[in-house]
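Structure first, commentary second.
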Amino acid sequence: MKAVTRMPRLAKNIQLPSDVIKVFILRPGYFDAQGNESTGYNDGRRDSYTSGNVDEITAAIQSLQKFYGLKNTVLVGHSGGAAFEGVMIGRTSGISNDALILSCPCDISSWRSDHQAQLWGSLSPINFHKTIPITTKVIAINGDSDNNTREHLAKEYVAALTKRGVNVRYISALNTAHNNTVNVELVTKPIKTLLMAND
């Protein structure tokens with residue numbers, strides 16, 4: 001398995017206001033290029049968006065919020081990390097003010113069907129859209145050349161949130177593949193928009 005490199009690099013390189021605290025969290029059972037490895041089980045990086053793993057990430061975020069005395073939190077997740085994020089904001093009230101969701105398999109059942117694979121036991125963001133606080137602001141970005149998490153998955157999720165009155169926006173990134181949404185140039189403006197919404 002490969003080390004996680006894209007999101008740590010994004011967190012390091014993105015230029016944000018000096019009062020913003022940037023923290024990268026490894027998903028359960030993942031490791032980075034420096035050899036840091038998170039606790040938890042990733043099921044071979046397959047069926048890993050389980051309630052236990054979501055609880056671990058949620059607890060880590062809550063611990064950071066308490067440690068830093070944070071009033072506002074913006075979550076940023078890519079692919080499976082976006083799936084965790086989409087579940088958390090609907091499952092745990094107050095976990096985040098806003099969310100940037102990149103290349104999200106927002107409907108796990110539909111995503112697995114796209115790949116003609118068996119259903120998983122993972123939690124799915126679409127199943128938690130009804131409990132996302134209306135005050136939460138969400139931006140979803142998907143590449144129009146993404147053959148892994150196809151655009152319809154995020155678009156249908158955005159439509160469901162829109163129907164509820166959540167402040168949500170969808171951005172289609174032109175000529176962008178699955179992993180290329182983790183891009184400083186692409187995400188800086190959306191992240192700053194979400195940060196400014198909490199000023």
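The numbers here are math on the coordinates, done by the rules we state, and not lab data. Keep in mind it's a predicted model, so treat the numbers as computed, not measured. Neighbour counts are summed over all protein chains in view; Cβ atoms, including those assigned to glycine, are modelled from backbone coordinates with ideal geometry.
Values computed for the structure shown
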read-out	value
Leading residue at positive end of dipole, the chain (Cβ point charges), from 110, 79, 135	135
Ranked list, fewest to most other Cβ atoms within 10 Å of each Cβ, for 67, 84	67, 84
Residue with peak Gaussian network fluctuation, the chain [Cα springs, cutoff 10 Å], from 66, 12, 130	66
Residues in region 125-163 reached by a label modelled at residue 93 [backbone nitrogen below 18 Å; 7 Å Cα→Cβ]	128-137
Contour excess over end-to-end distance, with Cα ends at residue 62 and residue 156 and 0.36 nm allotted per residue	31.0 nm
Computed magnitude of the charge dipole of the chain (debye, nearest 20; Cβ of K, R +1, Cβ of D, E -1)	280 debye
Within a Gaussian network of the chain (alpha carbon springs, distance under 10 Å), most fluctuating of 36, 53, 72	36
Per-residue Cβ neighbour rank within 10 angstrom, fewest leading, 195, 123, 161, 70	70, 195, 123, 161
Computed FRET value (nearest 0.05) for residue 19 with residue 185, which takes r as the C-beta separation and R₀ as 22 Å	0.45
When each of 163/189; 137/189; 71/155; 12/189; 12/155 is checked by Cα-Cα distance, pairs over 20 Å	163/189; 71/155; 12/155
Theoretical FRET efficiency, 1/(1+(r/R0)^6), r = Cβ-Cβ of residue 37 and residue 9, R0 25 Å, to 0.05	0.90
Whether region 90-181 is rounded, prolate or oblate, judged on the alpha carbon gyration tensor where a/c under 1.5 counts as rounded	oblate
